[in-house]
Structures are given as C-alpha cells and as structure tokens.
1. Contact list please: Cβ distance under 6 Å, first residue in the range 3-18 and open to solvent by 80 Å² or more (accessible area, probe 1.4 Å), second residue in a loop (DSSP other than H, G, I, E, B), pairs at least six apart or on different chains.
2. Does SER32 count as polar (S, T, N, Q), buried (at least 16 other Cβ atoms within 10 Å of the Cβ) and at pLDDT below 90?
3. Confirm whether ASP74 is touching a residue at least 24 places away in the same chain (Cβ under 8 Å), of a type in the set (Asp, Glu) and at negative phi.
4. Of all the residues that make up the range 32-57, how many are part of a helix (DSSP H, G or I) and in contact with a helix residue (DSSP H, G or I) (Cβ under 9 Å, 6 or more places away or on another chain)?
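The values are calculated or read from the model by the stated rules, or taken from the named source; none is laboratory data. Just so we're clear, the structure is a prediction, and the values are computed from it rather than from any experiment. Backbone-built Cβ (ideal geometry, glycine too); neighbour counts: all protein chains shown. Only protein heavy atoms, including side chains, enter the accessible area calculation; ligands, DNA and RNA are left aside. Shrake-Rupley method; radii C 1.70, N 1.55, O 1.52, S 1.80 Å.
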Amino acid sequence: MEVFPLVLGPIGVRPITDPEEAAKDLALTTFSILINAKDPGILAILDAVAPVLGPNADWAEYIEAGLDEGPSRDHWR
C-alpha cells in the first residue's frame with residue numbers, strides 16, 4: 001500500500017459563494033470556509049453559504065470552532 005499526503009490550502013480550494021453549489025457538498029463547503037478564513041471577503045462568503053449551512057447544526061458548529069476569534073466568528077454567530 002502506498003500513502004500520499006493530501007494538502008488543502010487556499011490555492012487549491014477556492015471559496016464557495018454559491019448557495020446551490022454549497023448545498024451539493026456540505027463537507028467541502030465547510031473545508032472551503034475554514035481554508036479561506038483569512039480571505040478579505042470571508043464575510044461575504046459566510047453570508048452566501050449561511051442559508052445552507054446555518055440550519056445544519058453540526059456543520060455550523062465546525063465553522064464556528066474553526067474561525068479565529070474576531071469579526072468573522074462574530075459575524076457567523
């Protein structure tokens with residue numbers, strides 16, 4: 001068996017800003033938010049996916065826990 005590392009970062013995982021796209025894969029959307037948390041447009045990203053992820057308590061909790069203390073976490077709450 002061969003094992004290869006998978007590295008996710010802002011270069012390889014673009015921000016998901018379309019609610020329809022976000023609804024297709026909640027896990028990928030959550031990773032996208034966490035990976036792009038330092039993006040200057042994070043508040044707009046959160047607004048775009050909130051209708052999809054907000055009602056899903058588990059995913060919403062992962063996002064809240066993964067965002068740094070500050071404006072983005074306060075905005076998500």
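1. PRO10/ASN36
2. Here the answer is no, as SER32 does not meet what is asked.
3. No; evaluated as a whole, the condition is false for this residue.
4. Of the residues in the range 32-57, 14 are part of a helix (DSSP H, G or I) and in contact with a helix residue (DSSP H, G or I) (Cβ under 9 Å, 6 or more places away or on another chain).
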